[in-house]
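A.B. asks: Can you read through this structure? Questions will come right after.
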Amino acid sequence: MSRTLGDDFILPRLTPNNTPFFTAGTIQIQFCEDCGHAQHPPDEICYGCQGTNLSFASCPGTGRVESFARVHHPVHPALKDHVPYVIAIISVDGAPGCSVQGNVIHCPPDRVRIGQRVRAVFEEAVDPDTKQELRIPQWEPDDDA
Ligand SMILES: [Zn+2]
């Protein structure tokens with residue numbers, strides 16, 4: 001399986017905070033165990049209460065396109081054969097007020113719409129330096145919604 005933006009495109013650099021999101025194969029969102037705040041990207045402190053009692057929870061893997069851009073100009077040499085593509089902000093079901101960034105795939109770029117229901121799919125990759133297996137969240141139209 002090849003990646004949407006090419007197998008040569010930059011992989012996420014894993015940190016302790018983002019590893020669940022990029023490796024689990026489910027949509028992992030960080031929640032505060034004290035106030036319930038959901039946040040992404042994950043951080044060391046809660047943006048709601050500044051507490052540090054944070055954990056990850058699996059969300060249903062569906063969401064809604066809040067905003068998007070169709071990219072026609074390859075901003076990196078590895079992208080020259082992959083334009084146009086869509087980068088979108090997706091509000092995540094099960095994590096109120098929380099949104100993530102990803103590509104909308106398996107859909108012609110001119111068919112993506114604000115408000116469109118989407119579901120997560122995961123691109124598998126292996127970091128050539130660390131050999132860590134990644135499952136990068138992407139989004140496709142949720143025709144069942
Ligand atoms: Zn909190």
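The values are calculated or read from the model by the stated rules, or taken from the named source; none is laboratory data. From a predicted model like this one, the values you see are computed outputs, not experimental measurements. Positions of Cβ are generated from backbone atoms using ideal geometry, with glycine treated the same way; all protein chains shown enter the neighbour counts. Ligands, DNA and RNA are excluded from the accessible area calculation, which covers all protein heavy atoms including side chains. Shrake-Rupley method; radii C 1.70, N 1.55, O 1.52, S 1.80 Å.
A.B. asks: I want to check the label-to-label distance for D34 and E66. Put each point 7 Å from Cα in the C-beta direction and report it in nm to one decimal.
C.D. replies: 2.4 nm
A.B. asks: Let me check I've understood the local charge: for G61, count other residues with C-beta under 15 angstrom from its C-beta, Lys and Arg +1, Asp and Glu -1. What total comes out?
C.D. replies: The answer is -2.
A.B. asks: Same structure, new question: Which value does Rg/Rh take for the stretch 63-145 over its C-alpha atoms, Rh per Kirkwood?
C.D. replies: Here Rg/Rh amounts to 1.00.
A.B. asks: Another question, if that's okay. For the chain, can you list the cysteines whose C-beta has no other cysteine C-beta under 4.7 Å from it?
C.D. replies: Those would be C59, C98, C107, since no other cysteine Cβ in the chain comes under 4.7 Å of theirs.
A.B. asks: Which listed residue (G63, V126, H37) has the Cα farthest towards the positive end of the charge dipole for the chain, taking +1 on Lys and Arg C-beta and -1 on Asp and Glu C-beta about the Cα centre?
C.D. replies: G63
A.B. asks: Using a simple spin-label model with points 7 Å from Cα along the Cα→Cβ vector, what separation in nm is obtained for D144 and S2?
C.D. replies: For D144 paired with S2, the spin-label model returns 2.9 nm.
A.B. asks: Another question, if that's okay. Which residues does the label zone of K131 cover in the stretch 2-35, counting backbone N under 12 Å from a point 7 Å along Cα→Cβ?
C.D. replies: none
A.B. asks: If you average 1/r over all unlike Cα pairs in the chain and invert the result, what Kirkwood radius do you get in angstrom?
C.D. replies: Evaluated over the chain, this radius sits at 16.0 Å.
A.B. asks: State to the nearest 20 debye the size of the charge dipole of the stretch 20-141 about its Cα centre, where the only charges are +1 on K and R beta carbons and -1 on D and E beta carbons.
C.D. replies: So the dipole magnitude of the stretch 20-141 works out to roughly 560 debye.
A.B. asks: Tell me the carbon and sulfur percent of the accessible area for the chain, rounded to whole percent, probe radius 1.4 Å.
C.D. replies: 50 percent
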